[in-house]
1. Could you order B:Lys252, B:Lys31, B:Lys326 so the one with the most accessible surface comes first? Probe is 1.4 Å.
2. Rounded to the nearest 5, what % of the DSSP beta bridges within chain B are antiparallel ones?
3. Taking the Cα centroid of segment B:181-249 and of segment A:43-88, what is the distance between the two, rounded to the nearest whole Å?
4. Nearest 100 Å² is fine: how much accessible area is buried between A and B, summed over both sides, with a 1.4 Å probe?
5. At 0.36 nm per residue, minus the direct Cα-Cα distance, what do A:Tyr102 and A:Ala69 gain on full extension? Give it in nm, one decimal, please.
6. Measuring with a 1.4 Å probe in the full set of protein chains, what accessible area per residue, in whole Å², belongs to the protein assembly as shown?
7. Just reorder B:Arg81, B:Arg212 by solvent-accessible area, largest first, 1.4 Å probe, all chains present.
8. Is the C-alpha gyration tensor of chain B telling us rounded, prolate or oblate? Criteria: a/c under 1.5 is rounded; beyond that, a/b larger than b/c is prolate, otherwise oblate.
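The values are calculated or read from the model by the stated rules, or taken from the named source; none is laboratory data. Owing to the predicted nature of the structure, the values given are computational and were not obtained by experimental measurement. Cβ placement follows ideal geometry from the backbone for every residue including glycine, while neighbour counts extend to all protein chains displayed. Just the protein is used for accessible areas: all its heavy atoms, side chains included, with ligands, DNA and RNA removed. Shrake-Rupley method; radii C 1.70, N 1.55, O 1.52, S 1.80 Å.
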Amino acid sequence: MSQTHARTPVRGPTPRPAHSGHARLARGLGWFSIGLGLAELIAPRALCRAIGLPGRETLVQAYGAREVATGIAILASHDPTPWIWGRVGGDALDLATLATGYEHDNPRIGGLALATAAVVGVTLADVACVQGLTADKRLPPPGRFDYADRSGFPRPVDAMRGQAADFAVPADFRIPEPLRPWTSGAPASGRSGVPA
Amino acid sequence: MKALVWHGTADIRCDTVPDPRIEDGRDAIIKVTACAICGSDLHLYDHFMPGMKSGDIMGHETMGEVVEVGRDNTALKVGDRIVVPFTITCGQCDQCRRGNFSVCERSNRNRKLAETAFGHTTAGLFGYTHLTGGYPGGQAEYLRVPFADATHIKVPHGVSDETLLFLSDILPTGWQGAVQCDIQPEDTVAIWGCGPVGQMAIRSAILLGAKRVIAIDRVPERLAMARAGGAETIDFSQDNVVSRLNDMTGGKGPEKCIDSVGLEAHATGSLDSMYDRVKQAMMLETDRAHVLREMIYVCRPAGVLSVPGVYGGLLDKIPFGAMMNKGLTLRTGQTHVNRWTGDLLRRIEEGQIDPSFVITHTVGLEDGPAMYRTFRDKQDGCIKVVIKP
Ligand SMILES: NC(=O)c1ccc[n+]([C@@H]2O[C@H](COP(=O)([O-])OP(=O)(O)OC[C@H]3O[C@@H](n4cnc5c(N)ncnc54)[C@H](O)[C@@H]3O)[C@@H](O)[C@H]2O)c1
Ligand SMILES: [Zn+2]
Ligand SMILES: [Zn+2]
């Protein structure tokens, strides 16, 4: 049988890595969330002491629970994007909390600055990750491929409409008789199930 | 032999595995000359479908030459050229005798699993989850075809692989999707998804005489291919699908709706899609039902919803009240491939349709893993990938 339609050439593969770097970064952030969260849950007192914010143990533990939950969600979900957004929100909370510790009499101001720098760094990674994941999902620019000639039909579409009208739809695939078009009191198919 | 092997989410590799051997008298082994990657494979690649195991060989759209035949198989002989339907069918059970091949009662060797998940067993499928038998698939150099005396479509020499290969799945799937609509000459048929299945459904609806076909997607080159096949198109990333469809049909809605998207439906920023994603992430829901919701809502009362798109488990927030009160008919199913292929092969030979129009990429097995990603991400204009081992 001959090819009946003109054809844009079939292409081979374009080399692309099998895994996206952003997906890998997301997984890394997921594990980081779990690690940090566990530390906050298990050793809140030591953490609070290191940054000079005593008395915030319960808050730090709550943040820990949040981190662990987000981390698991990132690792378990098919699309981590919304959960990385969640991390960005969490980073903002963390920074706000740390900011409350910047007082002249804080003896651990050095530890606090270190912690703040670390959170800022992670926030940047989170934002980069979310932007990367979103860009990955964007479709390639349109218009590079012209499939306007790929009808699959040997003749123009209008000449092909109804060409398979010889096909008898099997009884078990037909619309239930009561739902067939009903014109002037009888089914359009001509078969009547109507009381006279 | 070489084969494409599933190792985990988005992890398919071209591995060397043992050659298949005849295990039963009805078997046959084929040397694969062409196979393809299907949208259903993407559900496995993205690991939405439960029941995959590391080491499973992928692929269910396969054709080739018979190189070995089991001793009880009198239907095939060495040298025959066959296309292998993706549904494994015994040909003898109650369902097979009715032509309901995709719910064959005997071919699923993990019947118990399927009964637990679905209430009843369904047919064994090649290169798919262990819920459907976990049979090694055809993205490989050789394939063992179980129940091969019934599970095959003999095809003539002299027609290209590309023109015949899709008898294995997407052509009969698009066809059954349209046949399930029982299309009448006055019908407007709306088709969600312009992937390979949607493309075949569009051509089938035209051949079966639909007055209008409206196709919905967001990928520009897929929409262009839909228009080439005679469809008007809606870009769901630009337009609200329900109001566009209502506008285009004078407020009445399409009589027939086909879902050729399935459980990974994409939705741009709609409320229900956020809800689905959160529930999916928390493992409270398995499938995203955005397209089903739109179809139920927009379909004309007393219309038909046809669902060839694959779903795997639980769906949430289905407007069943609208479904019931509008008196809609719902028809679904994996395709009963052999029920349609005799007729479709004749239509191909007579030149009514040449399904090879959908192929955009042809590669060797070793490039298969990269092509999974290209196909999933709709990169490089990819619509259908054929692999020639
Ligand atoms: N019933 C069967 O026997 C059978 C056989 C083969 C394939 N399938 C199923 O058919 C479906 C399509 O297969 P395919 O090979 O064409 O896959 P595909 O992934 O290439 O195509 C799906 C298309 O749907 C589009 N889409 C996503 N969200 C949408 C939305 N909200 N509205 C409209 N379009 C949307 C995508 O952009 C894509 O083009 C899959 O679910 C597949 O598993 C079923
Ligand atoms: Zn398929
Ligand atoms: Zn059977």
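1. Working: B:Lys252 120, B:Lys31 90, B:Lys326 45 Å².
The ranking, largest first, comes out as B:Lys252, B:Lys31, B:Lys326.
2. Details: 32 of 57 bridges.
Around 55 percent antiparallel, to the nearest 5.
3. 47
4. Working: alone 13790 and 15660 Å², together 24220 Å².
In total, chains A and B hide about 5200 Å² from solvent.
5. On the way: separation 33, 0.36 × 33 = 11.88 nm, distance 2.88 nm.
Value of the extension gain: 9.0 nm.
6. Values: 24220 Å² over 585 residues.
Per-residue value: 41 Å².
7. Numbers: B:Arg81 30, B:Arg212 60 Å².
Greatest to least solvent exposure: B:Arg212, B:Arg81.
8. Since a/c reaches 1.5 and a/b is larger than b/c, the shape of chain B is classed as prolate.
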